[in-house]
Every structure is written in structure tokens, then in C-alpha cells.
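Novice: This structure is in C-alpha cells; I'll ask about it shortly.
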Amino acid sequence: MATVLHLKPLYRAPATPAESLAQRRVRRGSRAAVWLFASLFGLAAATLATAIVVMLFYKGDLVRIGPDNCYIGAAPANTVAFGSLPLVHRLVYVVVGVVRATPILMIFWSLRALFGGYARGEVFSPDQARRFGRVGVWLCAYAVSPLLCHLALSATGYEIDKNWAHMASLQAFILGLLVFVIGQVMQVGREIEEDRGAFV
């Protein structure tokens, strides 16, 4: 005589709640944003690489620089062909180009990472809060890089383009601070939720 026992499992994995329509939309839109920001990062990196090659090796007078701006093509009389500058001067401007472009690259990279988290279903995780804050930090770096480059160039005597003060830099700095603070608020909110969940 055989007896069959039906045993209940000691642990049952919690049922995963079904994804809502809004969550599906966020994930789908975030996947598109990941592609967008990855493409913008690639475009910005290619533009920087092209600019470095032009600054170092192009000897024509199509690219000119003056006290107000850099020009491609027609330029005012008070400009000089970039290729006619001494190599040291061009190398200094290569460094300036890298310093000015790095925050732009990192903004796109940080946004790609942020929306990648959203695409995976992470919304208020500590990692997402840090990614959000990183976008703000790089926005602030983008805003102050023209001033820092201006100070370094004017101190060394290599400055040609003196048009560094832009209202857009102030706006980017304020936006960067706001984004950074929102990232910190997200982190604090997550910690409060975790502390609340620890009490049974």
C-alpha cells in the first residue's frame, strides 16, 4: 500500500506584478532615448576628433580664429588662419577643445545610462539617483569650462577668442544645480522608503 504526500513548498517566490501600460510606455520611450543619447555621444565624439585633426594638421585658411569667434569660410578681417599658428599654440587650443567638449560628451553618456536604467525598470533606485545627479554635475562643468579656459589662456598669453561669457553658460549652471539637487532628493527619498520598510 503506497501513500502519496502532497507537500507545499516552504518558500514561494512573490508574484511579479503585471506591468502597467504607463510602465511599458516609459520602458519603450527610454529604450529610444538610450539610442538617441548614444548616437549624440558618438556624433559629439566624432566632431571632437575631427576638430582635433583639423586644428593639428589643416594648413589652409578656411578655418580662422579671431577675438570674437572661430569661423569656417568667410571671416572678418581681424581673424587669423588657424593653420598659420605655431604648433604650440594649436596644441593649447586642442587641450581647450578637449576640456570644453568633455562635459558635453559626459552629459550624453550620463543621460544614456540614466535612460538605460529606466528601460530596465529602475526608477527610484540609488543608482538612478546617482546617475541623475551626475547629469547635473556635468551640466555645471559644461557651464564653467569656458570661464576656466579663458582664465588659463589669458594667464598664459595664448588667448585669441575672448568671447567666452555667454548667458547659456549661466542657464546651464543653474539647470545643472537643479538636476543635481533633484538627484540628491531622489536618494534621500529612497533612503526614507527603505527605513520605513524596515519597520514591521
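Novice: Are any of the residues in the stretch 54-61 in a helix (DSSP H, G or I) and under 26 Å from Ala172 (Cβ atoms)?
Specialist: Yes: the stretch 54-61 contains one or more residues that are in a helix (DSSP H, G or I) and under 26 Å from Ala172 (Cβ atoms).
Novice: Condition check: crowded, with 17+ Cβ neighbours inside 10 Å and modelled with pLDDT of 85 or more. Does Leu87 satisfy that?
Specialist: Criteria not met by Leu87.
Novice: Within 25 Å of Thr50 (Cβ to Cβ), among the basic types (Lys, Arg) and modelled with pLDDT of 90 or more, is that true of Arg134?
Specialist: No; evaluated as a whole, the condition is false for this residue.
Novice: Is it the case, given these coordinates, that His150 is out of contact with any His (no Cβ under 7 Å at 6 or more places or on another chain) and surrounded by 17 or more Cβ atoms within 10 Å (Cβ to Cβ)?
Specialist: yes
Novice: For the structure I just gave you, tell me whether Tyr118 is hydroxyl-bearing (Ser, Thr, Tyr), touching a Ser or Thr at 6+ places or on another chain (Cβ under 8 Å) and under 20 Å from Gln187 (Cβ atoms).
Specialist: Spelling it out, Tyr118 is indeed hydroxyl-bearing (Ser, Thr, Tyr), touching a Ser or Thr at 6+ places or on another chain (Cβ under 8 Å) and under 20 Å from Gln187 (Cβ atoms).
The values are calculated or read from the model by the stated rules, or taken from the named source; none is laboratory data. Values in this document were obtained by computation on a predicted structure and should not be read as measured data. Cβ sites come from the backbone with ideal geometry, for glycine too, and all protein chains shown count toward neighbours.
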